[in-house]
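Quick notes on the structure that follows.
Please treat every number below as a calculation from the coordinates, not as lab data. Predicted model, so just to flag it, every value in this text is computed and none were measured. Methodologically, a virtual Cβ is constructed for each residue, glycine included, from the backbone with ideal geometry; neighbour enumeration extends over all protein chains shown.
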Amino acid sequence: MLKRVLASTAFLVLVSANAAFAQYRFEASGFGGWSFSDGVSGQTVISGTGQAFNRLDPKDSAVWGASFGYLFTERTEAGFMWTRQSSKLLAGGTSDREIGDMSVSNYHGYLAYNFADSATAVRPFIYGGLGATNFGSVDFTTTQRSGTIGGNTQFSTTWGAGVKLFPSSHFGARITTSWTPVYIKSDAAGYWCDPFWGCYLVGDPQYSNSFHITGGVNVRF
């Protein structure tokens, strides 16, 4: 008799836990915030006014986006994330000059881990993702000419951490910090020699980095 009672109790607990988790299989988020961005350095160029420029950077600006995830266990999540930054392209050197408006769009698939059960009101989380970053084309006008600098898409990763707050069962808020490095190019850094492979040219990779601080809303269903 006791075994039957214990077995029935364990079964009910298991069913209740699975039912609680089963009602939250998907999460959708919308968020906005600020992006701290940098670009890459290059060969020094002297302008017609005598100023020297050796960097190109996206300007720090507002960022917004959305994500959609599927929870395949109570704590592990896979999904897709999109962010958009309406920025300007800056030429840097002896002074900074705005070249023109530039959008920066990120498209990443991600895996996330939530550190608390779904019934918990406060859920810290971390995530990492792979995808691509698109730097939009830039229209420019100078005293000598005008034109368009073509856009470019590069492979990128994204890494983030934050906390989800759920004051109710289906609606909540989120605060996130993230880092998105984008490989741009490699500069020759000299030769490396070893007894097995001989001597070969090595490069110094340069990345455009974006650091996002965002807040938004979460819906789970």
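Return the FRET efficiency for the residue pair Thr177, Gln43: r is the Cβ-Cβ distance, R0 is 30 Å, and the value is rounded to the nearest 0.05. After rounding to 0.05, the efficiency reads 0.35. Taking the charge dipole of region 41-149 about its Cα centre, with +1 at Lys and Arg Cβ atoms and -1 at Asp and Glu Cβ atoms, the residue from Ile99, Gly129, Val63 reaching farthest to the positive side is Ile99.
Restricting the calculation to Cα atoms, region 86-143 shows an Rg/Rh of 1.28 when the hydrodynamic-style radius is the Kirkwood one. With each label modelled as a point 7 angstrom along the Cα→C-beta vector, the Ser95-Ser186 pair spans 3.8 nm.
In region 44-121 the Cα-Cα distances spread across 5 Å bins starting at 0 as 3, 13, 15, 13, 11, 10, 9, 8, 7, 6, 3, 2, 1 percent of all pairs.
Pairwise inverse Cα distances across region 65-193, averaged and inverted, put the Kirkwood hydrodynamic radius at 17.6 Å. Does anything in region 56-73 have its amide N under 11 Å from the 7 Å Cα→Cβ label point of Trp82, and if so which residues? Residues 65-68 qualify, since their backbone N sits under 11 Å from the label point.
Peptides 116-128, 144-156, 77-89 ranked from most to least packed, by the mean per-residue count of other Cβ atoms within 10 Å: 77-89, 116-128, 144-156.
Using every pair of distinct Cα positions in region 117-158, the Kirkwood expression returns a hydrodynamic radius of 14.3 angstrom. Dipole size of region 62-170 about its Cα centre, with +1 on Lys/Arg Cβ and -1 on Asp/Glu Cβ: approximately 60 debye, rounded to the nearest 20.
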